[in-house]
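Engineer: Below is one structure. I have some questions about it.
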Amino acid sequence: MRRLAALALLLVASLPLAAAELILELPGVSRLWSSAELLAHPQLRSLSIPNDPAYRHAMTYRALPLAALLDGVRPDDHLQAVALDGFVAELPAAPLLRETGARAWLAVEDPATPWPTLSGRKASAGPFYLVWSDSEAGDIGPEQWPYQIARIRRLAPLAERFPALLPAADADAAVRTGFALFQKHCLTCHRLNGQGDAQFGPDLNLPYNPTEYFQEAFLRRYIRDPQGLRQWPQGRMPGFPMEVLAEDELDRLLAYLRHMAGRKVELR
């Protein structure tokens, strides 16, 4: 019986992955694309990424320009990519629609030839992964490379959806810039004041803001290298090195967090 059970497990493990589906919710239309349909798309091509941020080495994908799927989307629209694990990428539409410079592509995992598993994970970056060619030409950060995507949708701008994220009207320029950096680097995993769509990391203002329980020097170290300061096997927060978040940008991000520590809201 044990031999039969082991054989059955081997047979299951050898089966190809099931076809996946991507939901697009765009102006005036919702569409479901299967991985088979996307792999047959006329604009699909082989795309090499020299330094893939998810795999941390060179990867080659079958991918198509994301703009080819964004019918009706305008450059001033706001899109959101939702991953299977609760990661949420807030994405201005303009960079996604560009055809030159840093260009957005949807990499599609073929169920017959799955991608490698991610380090420390049991799954790959599939079934769908937003990757960028010439990313250095567009100041594209790692949070703009969402993987395991299940849904892409157009939404109202963040300021309209989540007013409790906003700094005070008279906040200085450093705080306002910090808010923009928070949207880019932090809101993909965290909420603040109970607002945001991510289901991945803890709220960064309730019950306490990290600027309230970390000494600033340690908070800076934690943001740069979370596992270097506090090792935790389940910890999945990435580090933000200087090439991703410059020192003056970190100053502004912390200015926003300190500012928001004085703007807590009560959850109902």
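The values are calculated or read from the model by the stated rules, or taken from the named source; none is laboratory data. Computed from a predicted structure; not experimentally measured. We place every Cβ from the backbone using ideal geometry, glycine too, and count neighbours over all the protein chains shown.
Engineer: Among the residues in the stretch 222-238, are any without any contact (Cβ under 8 Å) to a residue 40 or more places away in the chain and assigned by TED's automatic domain parsing to the domain that holds residue 70?
Structural biologist: No, that holds for no residue.
Engineer: Being at pLDDT 90 or above, of a type in the set (A, V, I, L, M), touching an Asp or Glu at 6+ places or on another chain (Cβ under 9 Å) and in a loop (DSSP other than H, G, I, E, B) narrows it down to one residue among 67, 174, 125; which is it?
Structural biologist: Of 67, 174, 125, the one residue that is at pLDDT 90 or above, of a type in the set (A, V, I, L, M), touching an Asp or Glu at 6+ places or on another chain (Cβ under 9 Å) and in a loop (DSSP other than H, G, I, E, B) is 125.
Engineer: While we're looking at this one, here's another question. I'd like to know if the stretch 69-80 contains one or more residues that are under 21 Å from residue 55 (Cβ atoms) and not polar (S, T, N, Q).
Structural biologist: No - not one qualifying residue is present in the stretch 69-80.
Engineer: Okay, moving on. Determine, yes or no, whether residue 266 is in a helix (DSSP H, G or I) and either surrounded by fewer than 16 Cβ atoms within 10 Å (Cβ to Cβ) or among the β-branched types (Val, Ile, Thr) (or both).
Structural biologist: no
Engineer: Shifting gears a bit: Just name the residue that is farthest from the chain's Cα centre (by Cα) out of those in the stretch 51-63 that are aliphatic (A, V, I, L, M) and within 18 Å of residue 238 (Cβ to Cβ).
Structural biologist: 59
Engineer: Which residues, counting only those in the stretch 139-163, are over 20 Å from residue 27 (Cβ atoms) and either of a type in the set (Phe, Trp, Tyr) or without any contact (Cβ under 8 Å) to a residue 60 or more places away in the chain (or both)?
Structural biologist: Within the stretch 139-163, 139, 140, 143, 144, 145, 147, 162, 163 meet the criteria.
Engineer: Let me ask something additional. For residues in the stretch 84-97 being closer than 16 Å to residue 141 by Cβ and in contact with a strand residue (DSSP E or B) (Cβ under 8 Å, 6 or more places away or on another chain), which is surrounded by the most Cβ atoms within 10 Å (Cβ to Cβ)?
Structural biologist: Top of the filtered list is 96.
Table: residues versus (1) surrounded by fewer than 18 Cβ atoms within 10 Å (Cβ to Cβ); (2) in a loop (DSSP other than H, G, I, E, B).
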position: 146; (1), (2): no, yes
position: 150; (1), (2): yes, no
position: 153; (1), (2): yes, no
position: 160; (1), (2): yes, no
position: 164; (1), (2): yes, no
position: 168; (1), (2): yes, yes
position: 178; (1), (2): no, no
position: 182; (1), (2): no, no
position: 199; (1), (2): yes, yes
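Engineer: What are the pairs, 6+ residues apart or on separate chains, where a residue within the stretch 171-183 that is more than 21 Å from residue 81 (Cβ to Cβ) has its Cβ under 6 Å from a residue that is hydrophobic (A, V, I, L, M, F, W, C)?
Structural biologist: Pairs found: 174/255; 175/255; 178/253; 178/255.
Residue by residue, here is whether (1) under 27 Å from residue 200 (Cα atoms); (2) modelled with pLDDT under 95 holds:
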position	(1), (2)
49	yes, no
60	no, no
72	no, yes
83	yes, yes
91	yes, yes
101	no, yes
109	yes, no
118	yes, yes
121	yes, yes
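Engineer: Hey, another quick one. Which condition number does residue 76 fail, the rest of (1) over 18 Å from residue 185 (Cα atoms); (2) charged (D, E, K, R); (3) in contact with a Ser or Thr (Cβ under 9 Å, 6 or more places away or on another chain) being met?
Structural biologist: So the condition that residue 76 fails would be (3).
Engineer: Answer yes or no as to whether residue 132 is buried (at least 20 other Cβ atoms within 10 Å of the Cβ), among the aromatic types (Phe, Trp, Tyr) and not in a loop (DSSP other than H, G, I, E, B).
Structural biologist: Yes; evaluated as a whole, the condition is true for this residue.
Engineer: So, in the stretch 205-252, of the ones that are surrounded by fewer than 12 Cβ atoms within 10 Å (Cβ to Cβ) and in contact with a Gly (Cβ under 9 Å, 6 or more places away or on another chain), which residue ends up modelled with the lowest pLDDT?
Structural biologist: If we take residues in the stretch 205-252 being surrounded by fewer than 12 Cβ atoms within 10 Å (Cβ to Cβ) and in contact with a Gly (Cβ under 9 Å, 6 or more places away or on another chain), then 233 is modelled with the lowest pLDDT.
Engineer: Let me ask another. If I go through the stretch 76-120 residue by residue, how many of them are assigned to a strand (DSSP E or B) and either among the aromatic types (Phe, Trp, Tyr) or outside the structural domain of residue 26 (by TED's automatic domain parsing) (or both)?
Structural biologist: Of the residues in the stretch 76-120, 1 are assigned to a strand (DSSP E or B) and either among the aromatic types (Phe, Trp, Tyr) or outside the structural domain of residue 26 (by TED's automatic domain parsing) (or both).
Engineer: Follow-up. In the stretch 51-69, is there at least one residue being among the basic types (Lys, Arg) and closer than 20 Å to residue 95 by Cα?
Structural biologist: no
Engineer: Restricting attention to the stretch 64-100, report how many residues are within 14 Å of the chain's Cα centre (by Cα), of a type in the set (Gly, Ala, Ser) and more than 15 Å from residue 132 (Cβ to Cβ).
Structural biologist: 2
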